[in-house]
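Worksheet: the structure to be examined is printed underneath.
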Amino acid sequence: MTVESRVLYIIVCAAGPAGEVGTLVDLAQAAGWQVQIVATPSALAFIDVAALEERTGRVVRSRYRDPSEPRSRRADAIIVAPATFNTINKFAQGTADTYALGLLAEAPGLGIPVVVLPFVNSALASRVPFARSVEQLRAEGVRVIFGPGEVEPHEPGAAGERLGVYPWHLALERI
């Protein structure tokens, strides 16, 4: 399989940088990936669905397909960015209550590489459940780009100051 034919799912969560996910789409396409955007239901309010569909040539998915709808091609890799506290914790626990989480729940068992690029504040990141979730995901081979020298939490209420410096490129570099 050539790189040009590989499919990258970008799972977008409802966090400040979500509106700029086109940056990651452009980087991935420049690297030869076909991109499929999957948005959590809450993330739909953060993104320009029509612009992303035009950019990728694919429908933005946020729900399970109807039986009459064609299946999307399986991902060769998945990036979750921006990844929220909620999604990271649910992913670690195997919760599959949305289409995005269903894909994530299954990916490690299918051997699909997953990279998680968090966007969380320090109050949430300091919680034991979050630290446990990051540890659990890493133990399963999920690449969580979080900690000193990687993505670090922002102060509560300061998310807006971090939007322009969200490191989209790190996720693609770790696939």
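Observations
- Gaussian network model of the chain, springs between alpha carbon atoms under 10 Å - residue of ALA31, ALA43, ALA14 with greatest fluctuation: ALA31
- Mean accessible surface per residue for the range 49-175, computed with a 1.4 Å probe while every protein chain stays in place, in Å²: 52
- Whole-Å distance, taken between Cα centres, linking the range 115-175 and the range 19-61: 20
- Here the 3J(HN,Hα) profile of the range 132-140, calculated from phi with Karplus coefficients 6.51, -1.76 and 1.60 at θ = phi - 60°, is 5, 5, 4, 4, 4, 4, 4, 5, 8 Hz, Gly and Pro shown as x.
- In the distance distribution for the range 67-160, Cα-Cα pairs more than 20 Å apart total 35 percent.
- Each of VAL120, LEU137, GLY149 was scored by the projection of its Cα onto the charge dipole of the chain, and the greatest displacement toward the positive side belongs to LEU137; charges sit on the C-beta of Lys, Arg, Asp and Glu.
- Applying 0.36 nm per residue to the separation of ALA96 and SER122 and subtracting their alpha-carbon distance, the gain on full extension is 6.8 nm.
- Cα shape, the range 33-81, gyration tensor, a/c 1.5 rule: rounded
- Listed residues LEU172, PHE91, ALA45: farthest to the positive end of the dipole of the chain (Cβ charges): PHE91
- Shape parameters for the range 131-172, alpha-carbon atoms, Rg then Dmax in Å: 12.0, 32
- Loop sites in the range 17-112: chymotrypsin sites (Phe, Trp or Tyr not before Pro), DSSP, at most 16 other Cβ within 10 Å: TYR64
- In the chain, the portion of solvent-accessible area held by carbon and sulfur atoms comes to 51 percent [1.4 Å probe, whole percent, DNA, RNA and ligands not counted].
- Mean projection area, nm², convex hull over Cα of the chain: 9.9
- Sorting the segments 135-141, 76-82 by their mean number of nearby beta carbons within 10 angstrom, highest to lowest, gives 76-82, 135-141.
The values are calculated or read from the model by the stated rules, or taken from the named source; none is laboratory data. Because the structure is a prediction, the values reported are computed rather than measured. Cβ atoms come from the backbone with ideal geometry, glycine included; neighbour counts cover every protein chain shown. Heads up: the accessible areas ignore ligands, DNA and RNA and are worked out on the full protein's heavy atoms, side chains in. Shrake-Rupley method; radii C 1.70, N 1.55, O 1.52, S 1.80 Å.
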